[in-house]
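Step one of this worksheet: look at the structure below.
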Amino acid sequence: MSEEPAQKSLFRQYLEFPVIYKILIALILGAIVGAIVGDKITVIKPLGDLFIRLLKMIVMPIVLASLVVGAASISPAKLGKVGVKIIIYYLITSAFAVLFGLLMANVFKPGLGLELAGTGEITPKT
């Protein structure tokens, strides 16, 4: 006698559904709702801003915890080798970011032709 597998709950099915598809569905639904509702949805903008700020707030602790747990799980000999590679990688990517920023500043020349009003003399208040 064969037993039929128990039907999975809706919540269990949701948990097993790939995250990339959840994100894609949310993106499509958000675009559809935004197109239908239009500017009326600005009422809930503070909630969206709060959500984005909360996401930004949680990123750093998660990254730090991942680094600490990863470093704790590696033997000290391997940690030294990995640490040197990480420092070299960090220096190279930082140098690339600085060079890219300087290149973009020289190409687009932000502030060119900008005249600051109120460039008069500064006098202290008495």
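Where a number appears in this text, it was derived from the coordinates with a stated rule and is not lab data. Keep in mind that what you see is a predicted model, and the values were worked out from it rather than measured. Glycine gets a Cβ as well: all are built from the backbone with ideal geometry, and neighbour counts include every protein chain shown.
Quick notes on this one:
- Listed residues 112, 10, 92: farthest to the positive end of the dipole of the chain (Cβ charges): 92
- Each residue of region 20-32 is assigned a 3J(HN,Hα), and the resulting list reads 4, 6, 4, 5, 4, 5, 5, 5, 5, 4, x, 5, 5 Hz, derived from the Karplus form 6.51 cos²θ - 1.76 cosθ + 1.60 (θ = phi - 60°), x at Gly and Pro.
- Residue by residue, region 94-108 carries 3J(HN,Hα) couplings of 5, 4, 4, 5, 5, 4, 5, x, 5, 4, 5, 5, 6, 6, 8 Hz when phi is fed to the Karplus relation 6.51 cos²θ - 1.76 cosθ + 1.60 (θ = phi - 60°); x denotes Gly or Pro.
- Within region 1-78: Cβ-based charge dipole about Cα centre, in debye rounded to nearest 20 (Lys, Arg +1; Asp, Glu -1): 320 debye
- Rounded, prolate or oblate (a/c below 1.5 giving rounded, otherwise prolate when a/b exceeds b/c) for region 54-126 by Cα gyration tensor: prolate
- Cβ charges +1 (Lys, Arg) and -1 (Asp, Glu), total dipole of region 8-126, debye: 540 debye
- Alpha carbon centroid spacing (whole Å) that separates region 29-84 from region 86-104: 22 Å
- Point-to-point label distance, residue 64-residue 45, nm (Cα→Cβ direction, 7 Å offset): 3.2 nm
- One entry in (1) 15.7, 54; (2) 14.8, 44; (3) 26.2, 96 is Rg and Dmax of the Cα atoms in Å calculated from the shown coordinates; its label is (3).
- Estimated FRET transfer efficiency when R0 is 30 angstrom, pair residue 53-residue 33 (beta carbons, to 0.05): 0.85
- Only helical runs count toward this figure. For the chain, summing -39,500 (n - 2.57) over DSSP H runs of n ≥ 4 and dividing by all residues gives -24000 deg cm²/dmol at 222 nm.
- Qualifying lysines (Cα of each under 29 Å from Cα of residue 45; at least 8 residues distant if same chain): 22, 56
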